[in-house]
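The values are calculated or read from the model by the stated rules, or taken from the named source; none is laboratory data. The shown structure was predicted, so the numbers you read here are calculated from the model rather than taken from an experiment. Cβ: placed from backbone, ideal geometry, glycine included. Neighbour counts: every protein chain shown.
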Amino acid sequence: MLKQFFIICSGADTDVLEQCSKGEQNKYAGIGATVFFTAIMAFIASSYALFTVFDTIYPAIFFGLIWGLLIFNLDRFIVSTIKKTGNTINELIQASPRIILAIIIAIVISKPLELKLFEKEINQVLLEQKNEMTLANKNQISEQFTPKIQAVNNEINLLKNEVYRKEAEVNNLYNTYIAEAEGTSGTKLLGKGPVYKEKREKHDALLAELNQLKADNRLKIIAKENDITYLKRNYNLEVGNSQPIINNFDGLMARVNALNHLPWLPSFFIFLLFLAIETSPIIAKLLSPRGAYDLKLEDNETALKTNVIQNGYQRDAILKAEYNINDRIYRDIKQEDDLYNYKRKKARELMQLQADAFYKQQKKIL
């Protein structure tokens, strides 16, 4: 039962193969088994690749099964269409398109399994790429907010410097009227004279301005600091909104690109393995000697071709004979007077009917 299933997988003509030896049947059963297990590998590889896309198992298995059946059908078609003619060059020319197709299929099958085999190394590469993308993303977003925050900080510094300058002026006036009271400068008269009172009043007025300025600037600084807090909150919000996109940067294309950052030699040998598996049915059929199955199949095809050619020749001969017979018949009929008189009578009746119909139509128009 299993042997018969593998023979069907090989695409061989079971009716012809049943007439061959057991060894010939085993050869095609082995080719069919290779085709079948290649399709199984294609199903596993495509299911994993689609799982990385859909992130759910059931759609991945469903579409993976379709892909496996497609590969199975292609391999079965490739093997079944290679005919053993005994001419090695003709067989290679015949098999070359199939080998190219097998190489393409091997690449498609091997790549998802490479992603699975090197999953840990790929995850490391993706982690490094995500970290770089996170830093680049933060820098890019900060370029939008940093100038604004810096401008607000400059405005706060201007307000603080304004208070510092006013404090310096008040302190200078304080030192001036104190020195006047002590007699160390100014009039150098000890005591609180008129000059002292004038300088004291000027100091007190400026001190009141300083207090008012501090109050006003404090409110302005609080408002500016609130603006900075708002900008920083928006910056963190932008970073938080974009971070999930970076965290989900692990799709199929991202993993393939990450695989390309790894050493190429292991991937190349895995590709060679699948190429050997995929081309093994073709190579096995090319290397195998011409067997009884090939001879019987060629005999059947030759017999059918001969029969088709013979039938076509016979149909052409019959057609030519019919042409000659019909030509002779019509030549003989052409000389008969009875047929001429009969057709003349019918033609006259037809013309009379046409004339009557034309008369009735013209009468209705008038």
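Are any of the residues in segment 240-249 in contact (Cβ under 8 Å) with a residue 40 or more places away in the chain, part of a helix (DSSP H, G or I) and assigned by TED's automatic domain parsing to the domain that holds ILE100?
Going residue by residue through segment 240-249, those that are in contact (Cβ under 8 Å) with a residue 40 or more places away in the chain are 242-243, 246-247, 249.
Narrowing further to those that are part of a helix (DSSP H, G or I): 242-243, 246-247.
Adding the requirement that they be assigned by TED's automatic domain parsing to the domain that holds ILE100 leaves none.
So far as segment 240-249 goes, no, none of its residues is in contact (Cβ under 8 Å) with a residue 40 or more places away in the chain, part of a helix (DSSP H, G or I) and assigned by TED's automatic domain parsing to the domain that holds ILE100.
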Worksheet item: So ARG233 fits all but one of (1) surrounded by 14 or more Cβ atoms within 10 Å (Cβ to Cβ); (2) modelled with pLDDT of 85 or more; what number is the exception?
Response: (1)
Worksheet item: Could you list, in sequence order, the residues of segment 17-54 that are touching a Phe, Trp or Tyr at 6+ places or on another chain (Cβ under 6 Å) and more than 30 Å from PHE118 (Cβ to Cβ)?
Response: LEU17, CYS20, GLU24, ALA29, GLY32
Worksheet item: What are the residues in segment 260-283 that are over 30 Å from PHE77 (Cβ atoms) and surrounded by 15 or more Cβ atoms within 10 Å (Cβ to Cβ), if any?
Response: LEU262
Worksheet item: Can you name the residue in segment 1-15 that is in contact (Cβ under 8 Å) with a residue 60 or more places away in the chain and buried (at least 17 other Cβ atoms within 10 Å of the Cβ) and, of all such residues, is farthest from ASP75 (Cα to Cα)?
Response: ALA12
Item to complete: Hey, could you check segment 105-132 for residues that are closer than 16 Å to PRO266 by Cα and of a type in the set (Val, Ile, Thr) and say which is surrounded by the fewest Cβ atoms within 10 Å (Cβ to Cβ)?
Response: ILE107
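So that you can scan it fast, the table gives a plain yes or no per residue for (1) under 28 Å from LEU287 (Cβ atoms); (2) of a type in the set (Phe, Trp, Tyr); (3) in a helix (DSSP H, G or I); (4) within 35 Å of the chain's Cα centre (by Cα):
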| residue | (1), (2), (3), (4) |
| --- | --- |
| ILE31 | yes, no, yes, yes |
| PHE51 | no, yes, yes, yes |
| PHE63 | no, yes, yes, yes |
| TRP67 | no, yes, yes, yes |
| ASN73 | yes, no, yes, yes |
| ARG76 | yes, no, yes, yes |
| LYS83 | yes, no, no, no |
| ALA95 | yes, no, yes, yes |
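Would you confirm, using the coordinates I've provided, whether LYS188 is more than 30 Å from GLU238 (Cβ to Cβ), among the charged types (D, E, K, R), modelled with pLDDT under 80 and in a loop (DSSP other than H, G, I, E, B)?
Numbers: more than 30 Å from GLU238 (Cβ to Cβ): yes; among the charged types (D, E, K, R): yes; modelled with pLDDT under 80: yes; in a loop (DSSP other than H, G, I, E, B): yes.
Considered against the rule, which asks whether it is more than 30 Å from GLU238 (Cβ to Cβ), among the charged types (D, E, K, R), modelled with pLDDT under 80 and in a loop (DSSP other than H, G, I, E, B), LYS188 comes out as yes.
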Discussion item. Quick check on segment 57-76. Is at least one of its residues within 25 Å of ALA276 (Cα to Cα), hydrophobic (A, V, I, L, M, F, W, C), in contact (Cβ under 8 Å) with a residue 60 or more places away in the chain and in contact with a Leu (Cβ under 7 Å, 6 or more places away or on another chain)?
Written reply: no
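How many residues, within segment 256-293, are among the aliphatic types (A, V, I, L, M) and more than 30 Å from GLN19 (Cβ to Cβ)?
Taking segment 256-293 first, the residues among the aliphatic types (A, V, I, L, M) are 256, 258-259, 262, 265, 270, 272-273, 275-277, 282-284, 286-287, 292.
Among the residues that remain, those that are also more than 30 Å from GLN19 (Cβ to Cβ) are: 256, 258-259, 262, 265, 270, 272-273, 275-277.
The number of residues fulfilling the criteria is 11.
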Worksheet, complete the sentence: Pairing a residue in segment 201-220 that is assigned by TED's automatic domain parsing to the domain that holds ASN171 and more than 13 Å from ALA168 (Cα to Cα) with any residue that is surrounded by 12 or more Cβ atoms within 10 Å (Cβ to Cβ) and of a type in the set (D, E, K, R), where Cβ atoms lie under 6 Å and the two sit 6 or more apart in sequence or on different chains, gives LEU213/LYS166
Discussion item. Exactly one condition in (1) within 21 Å of the chain's Cα centre (by Cα); (2) not in a helix (DSSP H, G or I) is false for SER110; which is it?
Written reply: (2)
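Here is a check on your reading of the model: is SER280 under 38 Å from the mean Cα position of the chain (by Cα) and of a type outside the set (D, E, K, R)? It would help to see each step written out before you state the result.
Values: under 38 Å from the mean Cα position of the chain (by Cα): yes; of a type outside the set (D, E, K, R): yes.
Spelling it out, SER280 is indeed under 38 Å from the mean Cα position of the chain (by Cα) and of a type outside the set (D, E, K, R).
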